[in-house]
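Worksheet: the structure to be examined is printed underneath.
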Amino acid sequence: MNVMLPGSVPEALDMLASDCAAVPIAGGTDLLVHWPVRVEAHEQTYLDLSRLDPLKPLRWTADELMLGGLTTYWDVIRDARAGEEFPLLVHAARQVGAIQIQARGTWAGNVVNASPAADGVPVLMAYDAVVVLESRRGREEVPLDRFYSGYKEMKRRPDQLVVGIRLPRRRYSYQVFEKVGARRAQAIAKVGLAITRSGAGWRVVAASVAPTIRRCPAVERLLETGTAVASPEALLPAIAQDVAPIDDIRSSAQYRTRVMAWVLYHDLRDFWGKRA
Amino acid sequence: MLRPAGRHMSALSISFNINGSPVTLDVDPADRLLDTLRYQLALTGTKEGCGEGECGACTVYVDGLPVNSCLIPTYQVRGQRVETVESLDPGALEPFERCGATQCGACTPGVVMTAWWIRGHPELLGTHSIRELMAGNLCRCTGYDGIVDSVAEALGETGSGQGEP
């Protein structure tokens, strides 16, 4: 195991450009689980981001919230304005592990770890987040709902670093985050849902029911068109178009599908059959 | 100096503050903070439980926040302030003994660290319950009520142990 210790963002980008196999590490809460038992899995070079101080703070501007590449869950939980304007960020952050994980884990790390069961990614996606990538070749921005191309596959080149996540400030008339797990704390989602409604329309984002966190366009269409939905079962065809759950150690495909249908139906019972 | 067998040393010299004193150490990039504390600094109060950031037995403070030392490469604390259970006032344990919050003791150092941190930040109880703040410290013996009661007692209040699981 090797580590490179850059002292600045430009230095980090130089190091990444010269060693594209290097793995950027921030809070380490995903990368270092079971370390050092799985020694061979860690025989690689890490690029330690922990001293890149300009990436730490979250910043508010007139029209957006910008999470830094090193902004942690706890940073957001403790930001009163985040709780008012982007409450789902706080709801999700408080369900990521517990304080010990929230103090270390970063939003950008949650994005690039690309777990289908991530808690942070669904709420970011429901707020139309944009991933800001930087490399020596310049800056690139990718909407989060177009960032993943398959299981653990994403539009980040190995020489790029996530330096921020931009969230447009909007008025939301509806927003909810649902995490169904074995218990409230320290659990990994069996099903996750983040739902928002703003002037930009409905966003329904699902977790743990597909190879990536993803939006559910068929369910969104039912809401946008005001289609009447008389029961949870009536949502199953749209859900089948949008997601592809599997059986695994935490749950079954059938359970996940049913929970998703029931939670969607009940959370949105005031909206089914009403035109957007 | 105690070290797990079979690890080679590569020279990565780092300095940080441990329990109020500066220290400079040679560490391997693969060293976890947990092991550096226990085997290089002989601070064996910090325990390893699960090794995957779930149980909280290895809780220490880094720059004042409770973290799992099993998930932190030692090089990441360079220039930072690390505090272990050895830094606490011995009286920190008293409410736990009174309220039946200890049994086998494996989780206790981590539990006490998180509890002491809550005690130092009572403003958090405006948004969080004690149970939520303690959720990262698993205990297989006591059933948690004693732990929650002892934190409430340390905070000088009663009744905070009630409420949601």
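Observations
- Under 5 Å between amide hydrogens, built in the peptide plane, is the criterion, and for residue A:46 it picks out A:2, A:3, A:4, A:23 among residues at least 5 positions away or on other chains.
- Per-residue ellipticity at 222 nm, computed for chain B from helices alone with -39500 (n - 2.57) per DSSP H run of at least four residues, works out to -5000 deg cm²/dmol.
- The relative contact order of chain A, computed from alpha carbon pairs under 8 Å that lie at least 6 residues apart in sequence, is 15 percent.
- Gaussian network model of chain A, Cα within-10 Å springs - most flexible of A:125, A:260, A:15: A:15
- Helix axis angle, B:108-120 relative to chain B longest principal axis, alpha carbon, degrees: 70 degrees
- Label point distance in nm, residue B:141-residue A:18, each placed 7 Å from Cα along Cα→Cβ: 5.2 nm
- Residue with peak Gaussian network fluctuation, chain A [Cα springs, cutoff 10 Å], from A:194, A:240, A:129: A:240
- With a 10 Å cut-off around each Cβ of B:50-58, the average count of Cβ atoms from other chains is 5.
- Alpha carbon convex hull of the protein assembly as shown, projected area averaged over orientations, nm²: 21.8 nm²
- Cβ-defined net charge surrounding residue A:180, 13 Å radius [Lys, Arg +1; Asp, Glu -1]: +4
- DSSP beta bridges fully contained in the protein assembly as shown are about 85 percent antiparallel.
- Two-site FRET efficiency, residue A:266 against residue B:92, from Cβ-Cβ distance with R₀ of 60 Å, rounded to 0.05: 0.85
- Around residue B:150: net Lys/Arg minus Asp/Glu count, Cβ-Cβ under 9 Å: -3
- Ellipticity at 222 nm from helices only: DSSP H runs of n ≥ 4 in chain A, each -39500 (n - 2.57), divided by the residue count, give -7000 deg cm²/dmol.
- Computed on segment A:173-267, with alpha-carbon pairs under 8 angstrom and 6+ residues apart, the relative contact order is 21 percent.
- Taking each residue as 0.36 nm, the span from residue A:139 to residue A:81 lengthens on full extension beyond its C-alpha to C-alpha distance by 18.1 nm.
- Sequence-distant contacts, meaning Cα pairs under 8 Å at least 6 residues apart, place the relative contact order of chain B at 21 percent.
- Highest average packing first - A:83-92, A:57-66, B:41-50, B:64-73, Cβ atoms within 10 Å: B:64-73, A:83-92, B:41-50, A:57-66
- For the pair residue A:274 and residue A:183, the difference between a 0.36 nm per residue extended length and the Cα-Cα distance amounts to 29.3 nm.
- Nearest-ten-degree value, helix B:145-154 long axis tilted from longest Cα axis of chain B: 90 degrees
- To the nearest ten degrees, helix A:253-267 and the longest principal axis of the Cα atoms of chain A are 70 degrees apart.
- Cβ-defined net charge surrounding residue B:107, 14 Å radius [Lys, Arg +1; Asp, Glu -1]: 0
- Choice from B:131, B:140, B:119 with maximal GNM fluctuation in chain B (Cα, 10 Å cutoff): B:140
- Think of segment B:1-107 as a dipole: +1 on every Lys or Arg Cβ, -1 on every Asp or Glu Cβ, centred on the Cα centre; then among B:41, B:90, B:59, B:41 lies furthest on the positive end.
- With Cα atoms as the point set, the radius of gyration and Dmax of segment B:90-154 evaluate to 10.7, 32 Å.
- Within straight-line cross-link reach of residue A:190, lysines at Cα separation under 19 Å, skipping those fewer than 8 residues along the same chain: A:152, A:179
All of the numbers you see were taken from the coordinates with simple rules; none came from a lab. Note that the structure is predicted; figures quoted are calculated from it, not measured. Note that we place each Cβ from the backbone using ideal geometry, even for glycine, and neighbour counts take in every protein chain shown.
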